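*Asks:* Below you will find the structure I want to go over with you.
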Amino acid sequence: MAEVKASLICGVVVAFLSSAVLAVVEDLDDTFKQARLDDVWLVDFYAPWCGYCKKLEPIWQDVGAELKSSGSPVRVGKMDATAYSGIASEFGVRGYPTIKLLKGDLAYNYKGPRTKDDIIEFANRVAGPAVRALPSKQMFEHMMKRHDVLFVYVGGESPLKEKYIDVASELIVYTYFFSASEDVLPETVTLPELPSVVVFKDGAYFTYDEYEDGTLSSWVNKERFQGYLEIDGFTLYELGETGKLVAIAVINEKDPTEESSRLKTLIQRVAKEYREHFNRDFQFGHMDGNDYINSLIMGEVTVPSVIILNTSNEQYFLPSEPTETMEQLVQFINSVLNGSAQAYGGDGIIQRVKRVAFDARSTIMSVFRSSPILGCFLFGLPLGVISLMCYGICTAESDDSADDIDLLKREGLTDEEEEEEDERRRAHELEGPEDGENEEEDEEDLEEKAPEEKKMD
Ligand SMILES: *[C@@H]1O[C@H](CO)[C@@H](O)[C@H](O)[C@H]1NC(C)=O
Ligand SMILES: *[C@@H]1O[C@H](CO)[C@@H](O)[C@H](O)[C@H]1NC(C)=O
């Protein structure tokens, strides 16, 4: 009898717990459009058939549970964007899953890695005040320790402060914004005037100057990274959004040669010592291994070496001789800046065709690598058909048959390449998610790597 009772109680407790767990993520429907204005919402717009959405599902439950237990005011929901496509398209949902934080009538897109901690950090940052006050010296020091890049408005009420708040409420998707009075700052900080907007980073501080730096928002956008970074595909994509060129030491960290560390140090020094000259136009860093860069430029860079990328137009620059000294490196960067360096790559029509062929080739190679039989079946069959057709065409008329073959081949390759979207992830990381006709697939390609992006709907 006691056992039955115990198991009954257990059952009730389990049922209660599981319903509590379920409730941390609310299933949203039509009524959400009105209801959302009363609260801050973090919403996962998903499609039932999408694989990345299924992967996100347990993480989303954890996010809901943790936000709830930490007493956050953010409510967590999910909406089947295929069932409520009207609402989803009003929110600008174009790929799945799309994560948005909705606050008042503003909607912020989350594009960072889909991990619990990253999503929660984003939700807490964006849901909170756009500008956070630093009331004491201790608080300032604490934040200096926590953040590599710290934006602070210093001074009282002013038109600059209003501008700062505007910029902050838009760019809070990228970084935190603080305000403080002058006596909270360390004594070593001397500001030429008040009020000021200051960024603390790289062991120094830099002040915004309206005349030299343009709009506050473009300045924040250019200053929101450390001067020197370890760069991966995701960071490179993020850096591209600042509009700066990216100068990278391509090295092998697992097997660091003397040459490697010398090159790394050179770039580090240029980033620091030539900040005045180059900071406006360049971001500096190093990248481990050349795989990523190789697929980006559809070629092969030597390791170690220096490469400068223009992520806006996919051009790149290589030094004409090995970089031995600081002077050589500075000269190379200057020559890119004044337009005298030879540019490679680009986003012209020839490069695009090359990209299609390159992607198709990597797709075919990766399919063959993982499953030769499937590869034979997938590509052998169409190629056989194409060869037969070509044969037919060739024997029918001999004039411009060469062109036809070329065309047929290209079409054949493109189709297969679209079937294997996954493999194209790297190739597309440099193109913005707004770019290209395959928006949904692109967003999924970016998968865990796409950065958060401001969206003011
Ligand atoms: C980088 O690309 C942008 C966009 O095409 C262009 O305006 C800019 O001049 C390029 N920068 C260099 C140094 O080539
Ligand atoms: C561009 O910069 C390089 C390197 O500093 C220099 O050698 C070259 O003369 C410059 N060219 C022009 C056109 O200014």
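Values quoted throughout were computed directly from the atomic coordinates according to the rules given, and no laboratory measurement underlies them. Only a predicted model underlies this, so the values are computations on that prediction, with no experimental measurement involved. Positions of Cβ are generated from backbone atoms using ideal geometry, with glycine treated the same way; all protein chains shown enter the neighbour counts.
*Asks:* Just order 94-106, 248-260 by mean Cβ neighbour count inside 10 Å, highest at the front, would you?
*Replies:* On the way: 94-106: 19.7, 248-260: 15.8.
Highest-to-lowest ranking by the protection proxy: 94-106, 248-260.
*Asks:* Please compute the length gained on full extension between residue 272 and residue 313, using 0.36 nm multiplied by the number of residues separating them and subtracting their Cα-Cα distance.
*Replies:* On the way: separation 41, 0.36 × 41 = 14.76 nm, distance 2.64 nm.
Once the chain is fully extended between residue 272 and residue 313, it gains 12.1 nm.
*Asks:* Quickly work out the residue 94-to-residue 365 label distance, labels modelled 7 Å from Cα along the C-beta direction, and quote it in nm with one decimal.
*Replies:* Label-label distance for residue 365 and residue 94, simple model: 3.1 nm.
*Asks:* Let me ask another. Quick check on the range 182-265: what are the equivalent-ellipsoid semi-axes from the Cα gyration tensor, as sqrt(5λ), descending, whole Å?
*Replies:* Values: eigenvalues 201, 62, 19 Å².
Equivalent-ellipsoid dimensions as semi-axes: 32, 18, 10 Å.
*Asks:* Nearest 0.05, what FRET efficiency do residue 138 and residue 193 give at R0 = 35 Å with Cβ-Cβ as r? Write out the running numbers ahead of the final one.
*Replies:* Values: r = 26 Å, r/R0 = 0.75.
About 0.85, to the nearest 0.05.
*Asks:* Quick one: which of 163/244; 145/222; 55/111 span more than 19 angstrom between C-alpha atoms?
*Replies:* Details: 163/244 24 Å; 145/222 22 Å; 55/111 16 Å.
As for pairs spanning more than 19 Å Cα to Cα, those are 163/244; 145/222.
*Asks:* OK, next. Just order 196-203, 129-136 by mean Cβ neighbour count inside 10 Å, highest at the front, would you? Intermediate results must be reported in sequence, preceding the final value.
*Replies:* Values: 196-203: 18.4, 129-136: 15.8.
Peptide ranking by packing, descending: 196-203, 129-136.
*Asks:* Placing one identical point scatterer on every Cα of the range 132-222 and ignoring solvent, what is log10 I(q)/I(0) from the Debye formula at q = 0.11, 0.15, 0.24 Å⁻¹?
*Replies:* -0.27, -0.51, -1.48
*Asks:* Give me 137, 222 ranked fewest to most by other Cβ atoms within 10 Å of their Cβ, as a rough exposure proxy.
*Replies:* Details: 137 13, 222 18.
By the 10 Å Cβ count, ascending, the order reads 137, 222.
*Asks:* Once all Cα-Cα distances of the range 236-298 are split into 10 Å bins that start at 0, what whole-number percent is in each one?
*Replies:* Answer for the range 236-298: a P(r) of 21, 47, 30, 2 percent.
*Asks:* A follow-up question, please. Extension gain residue 335-residue 257, at 0.36 nm per residue separation less the Cα-Cα distance, in nm?
*Replies:* Details: separation 78, 0.36 × 78 = 28.08 nm, distance 2.77 nm.
Once the chain is fully extended between residue 335 and residue 257, it gains 25.3 nm.
*Asks:* Also, quick follow-up: Within the P(r) computed for the range 16-127, what percentage of the Cα pairs occupies the region above 22 Å? Intermediate values should be presented prior to the final figure.
*Replies:* Details: 1507 of 6216 pairs.
Beyond 22 Å sits 24 percent of the P(r) for the range 16-127.
*Asks:* Near residue 195, within a Cβ-to-Cβ distance under 9 Å, what is the net charge of the other residues, with Lys and Arg +1 and Asp and Glu -1?
*Replies:* Details: positive: 161; negative: 157, 193.
So the environment of residue 195 carries a net charge of -1.
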